[in-house]
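Peer 1: Handing you this structure, nothing more for now.
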């Protein structure tokens, strides 16, 4: 907590210093947008250093955790400087709109990522205890599928039919083969699981004792698969925000360079 | 080296570049140079190694072959350091000519790696290496014991895989020493009863003397009195040096969730008559309490810790018979020194140096959660870990930056798997933990897996690893993998018998890279850390941090 308070204080002081510099620059009858523009560029470049650190994982360039902290706090400075640079107003031209949109996208995805990385692992731990590695989820899913397949096969009668196998083919096979109910998992709802469980409970009333025993085991596997899908969805979310954040960042860099070129090409007078 | 012209029998013909000669033991002799046959004959014909009988050795592992390949003659001039206290090499020495002085004061000559700044020492180690073999005037001034012709030394650390407890210095010019590397010593111990008796006798005698001295319990006692005390103390071993296989067998045999306590050798049962105080000399022991027929851990002891001090103190105070307030079990193996009650009363309880480090985690000071954590750590033998990779799963986002960093530091192949045993939010991953007692190196035929003499990290010498997988199967934590070796073109190398050319691979703490383990530095969320698990407070902090 002391660290967070200290970092926040430093961030606020940096923002205040930038604000004061812009005012000072403006008082000297110079166009402050050149100053805050270049400060914005500098801060964005500094944030990119974290990306470079990640690309060099074994380098002795300090701890990535420290770099990430710097990246985040500089992010807050970037937002403030961006607001100074745009004078708290909406864009006017197409290029400005594109820049503005990309900046908002980068910031929003970054904040979402920050929230997810700080909250999701803890929630997963609370809900599931032991976490399954994202790469291992397909293997675990396949094992569950095989297990339930074997259980159902045991209930099949010599004539090739059973109520359990019919229910499995119609209702559960697809459920076990692929990730399911992703939207429900995103909402944190367990309604789909309750629905399947209640259907199994209905079936249990109609079948003989051995099938009932098999259904009881199948019900446990259904719950295990539901929890696995939850892990898949949430862990997938943890990885996917970067697919927005990073391309948007690259696009923003390209447009920023274009923006600087255009500004200098068409500017005149006091800078 | 690729062997040109080798063709695999049968229908498999492989490109010549992918074929390599299968490496064998003794392809490279210890010290890179084989001992001259004159020396070998002299050693065999004299009593240098005691009553060792060459006939005890099998034909394919003759005594002369062992001496030729696993030993070397080391020449030292007067004042030259043979080994320094705190260093981790594990050879046994026999004086052939001249003499050696072994400093009686343990830990006076700390070398790099044994200090509080291991990383700095790791950086400096190339420079410090030069200090070995140098003349050190300070060391020669320490109180020493002189060892003469045919006397043996260094066996305590070789057997217990612990750092040197003292410093050995050559006492004469042209001192010649027979240095027996651990693989050689292991064969001699295995095949020759005479050699084994000699070494174990020395080990027991010296272990008591060194153990009492190192413990600090008798700091103000004069050396002759301490020698008399040592005569009254007894040495005991519980469990086995080679405990890894026993542990693995027991683990395989027991049901999931079944406690392992019951399988561990009992040293003393709670409530039993306690005639001596126990000083742990090497290995680990678990302190337990029994309530309603349920035995559970309340702490663990390691080298230098004592058991039974409070009970003996109370009994002397109230004039009653001491009984063990708690139970004690051996974890893996435990070497202990029994110190009789009257000596405890006379020299320890009345002395100013009484130590309060008996039971590390006494009940009353440990919360229920900590006891569960303790069980997790002891049951899984993680108390052995000096540098375990622990991941906080409430922070880990599964980005795999740690794995990528490891791969980047090791030619594209990561040296660990990001899975492992978990307790609450702590995952002890499958990365080498650089154990206090590294059982993986006991049976290595070439000594390729060894401890870095300076840092104590367990490392593998790729040049001498023959890919036999002995270390991999001995590791109780499955933290050593056998990996195929690839040639410069990326193709997997194949031995001349058609099998894949393998080498053992494990975490080396990024030896040779500055900045410490890359995995820890690469974790952006501060989820991964390398810690000494014996530091339970740090582990508990890690578990409960927000």
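The values are calculated or read from the model by the stated rules, or taken from the named source; none is laboratory data. Everything numeric in this text was worked out from a predicted model, so none of it was measured. Cβ sites come from the backbone with ideal geometry, for glycine too, and all protein chains shown count toward neighbours.
Peer 1: Here are A:124, A:105, A:99, A:153: which of them is outside the structural domain of residue A:250 (by TED's automatic domain parsing) and crowded, with 16+ Cβ neighbours inside 10 Å?
Peer 2: None of the other options fit; the residue is A:124.
Peer 1: To continue, here is another question. Answer with yes or no whether residue B:211 is assigned by TED's automatic domain parsing to the domain that holds residue B:95 and at pLDDT below 90.
Peer 2: Yes: the conditions hold for residue B:211.
Peer 1: Also: Name the single residue, out of those in segment B:384-396 being at the interface with chain A (Cβ under 9 Å from one of its Cβ atoms) and not in a strand (DSSP E or B), that is nearest to the chain's Cα centre (by Cα).
Peer 2: Step by step, filter segment B:384-396, then rank; the result is B:393.
Peer 1: Which of the residues spanning segment A:52-67 are in a helix (DSSP H, G or I) and within 11 Å of chain B (Cβ to nearest Cβ)?
Peer 2: Matches in segment A:52-67: A:53, A:54, A:55, A:64, A:65, A:66, A:67.
Peer 1: Would you mind telling me which numbered condition in (1) touching a residue at least 60 places away in the same chain (Cβ under 8 Å); (2) in the same structural domain as residue B:350 (by TED's automatic domain parsing) residue B:271 fails?
Peer 2: Checking residue B:271 against (1) touching a residue at least 60 places away in the same chain (Cβ under 8 Å); (2) in the same structural domain as residue B:350 (by TED's automatic domain parsing), the one that fails is (1).
Peer 1: I would also like to ask the following. Quick one: residue A:89 ticks every box in (1) farther than 17 Å from residue A:11 by Cα; (2) touching a helix residue (DSSP H, G or I) at 6+ places or on another chain (Cβ under 9 Å) bar one, so which box is it?
Peer 2: Exception for residue A:89: condition (2).
Peer 1: Now a separate question. Picking from B:498, B:490, B:516, which residue would you name as being assigned by TED's automatic domain parsing to the domain that holds residue B:435, surrounded by fewer than 20 Cβ atoms within 10 Å (Cβ to Cβ) and touching a helix residue (DSSP H, G or I) at 6+ places or on another chain (Cβ under 8 Å)?
Peer 2: B:516
Peer 1: Sticking with this structure for a sec: Right, residue B:432: within 24 Å of residue B:543 (Cβ to Cβ), touching a residue at least 60 places away in the same chain (Cβ under 8 Å), touching a helix residue (DSSP H, G or I) at 6+ places or on another chain (Cβ under 7 Å) and not in a strand (DSSP E or B) or not?
Peer 2: no
Peer 1: From A:239, A:245, which residue is within 30 Å of residue A:102 (Cα to Cα), at pLDDT below 90 and either surrounded by 14 or more Cβ atoms within 10 Å (Cβ to Cβ) or under 22 Å from the mean Cα position of the chain (by Cα) (or both)?
Peer 2: Answer to the check: A:239.
Peer 1: Filtering segment B:406-446 down to residues that are at the interface with another protein chain (Cβ under 7 Å from one of its Cβ atoms) and either over 16 Å from residue B:505 (Cα atoms) or modelled with pLDDT of 90 or more (or both), which residue is surrounded by the fewest Cβ atoms within 10 Å (Cβ to Cβ)?
Peer 2: B:419
Peer 1: If you scan segment B:519-532, which residues turn out to be crowded, with 22+ Cβ neighbours inside 10 Å and either more than 11 Å from chain A (Cβ to nearest Cβ) or within 27 Å of residue B:331 (Cβ to Cβ) (or both)?
Peer 2: The answer is B:528, and nothing else.
Peer 1: On the basis of being buried (at least 16 other Cβ atoms within 10 Å of the Cβ) and not in a helix (DSSP H, G or I), does residue A:192 make the cut?
Peer 2: Considered against the rule, which asks whether it is buried (at least 16 other Cβ atoms within 10 Å of the Cβ) and not in a helix (DSSP H, G or I), residue A:192 comes out as no.
Peer 1: Can you tell me which of (1) in contact (Cβ under 8 Å) with a residue 40 or more places away in the chain; (2) under 26 Å from the mean Cα position of the chain (by Cα) is the one residue A:54 doesn't meet?
Peer 2: With respect to (1) in contact (Cβ under 8 Å) with a residue 40 or more places away in the chain; (2) under 26 Å from the mean Cα position of the chain (by Cα), residue A:54 is out only on (1).
Peer 1: To continue, here is another question. Looking at segment B:397-405, is at least one residue more than 10 Å from chain A (Cβ to nearest Cβ) and under 17 Å from residue B:525 (Cβ atoms)?
Peer 2: Within segment B:397-405, none of the residues are more than 10 Å from chain A (Cβ to nearest Cβ) and under 17 Å from residue B:525 (Cβ atoms).
Peer 1: A further question follows. Among the candidates B:511, B:491, single out the residue that is within 14 Å of chain A (Cβ to nearest Cβ), in contact (Cβ under 8 Å) with a residue 40 or more places away in the chain and either over 30 Å from residue B:453 (Cα atoms) or under 27 Å from the mean Cα position of the chain (by Cα) (or both).
Peer 2: Only one candidate qualifies: B:511.
Peer 1: What about residue A:197, is it in the same structural domain as residue A:45 (by TED's automatic domain parsing), touching a helix residue (DSSP H, G or I) at 6+ places or on another chain (Cβ under 8 Å), surrounded by fewer than 19 Cβ atoms within 10 Å (Cβ to Cβ) and modelled with pLDDT of 90 or more?
Peer 2: Answer is no for this residue.
Peer 1: Give the residues of segment B:299-329 that are closer than 21 Å to residue B:373 by Cβ and either surrounded by 21 or more Cβ atoms within 10 Å (Cβ to Cβ) or more than 32 Å from the chain's Cα centre (by Cα) (or both), sorted by residue number.
Peer 2: Passing the criteria: B:299, B:300, B:301, B:305, B:326, B:327, B:328, B:329.
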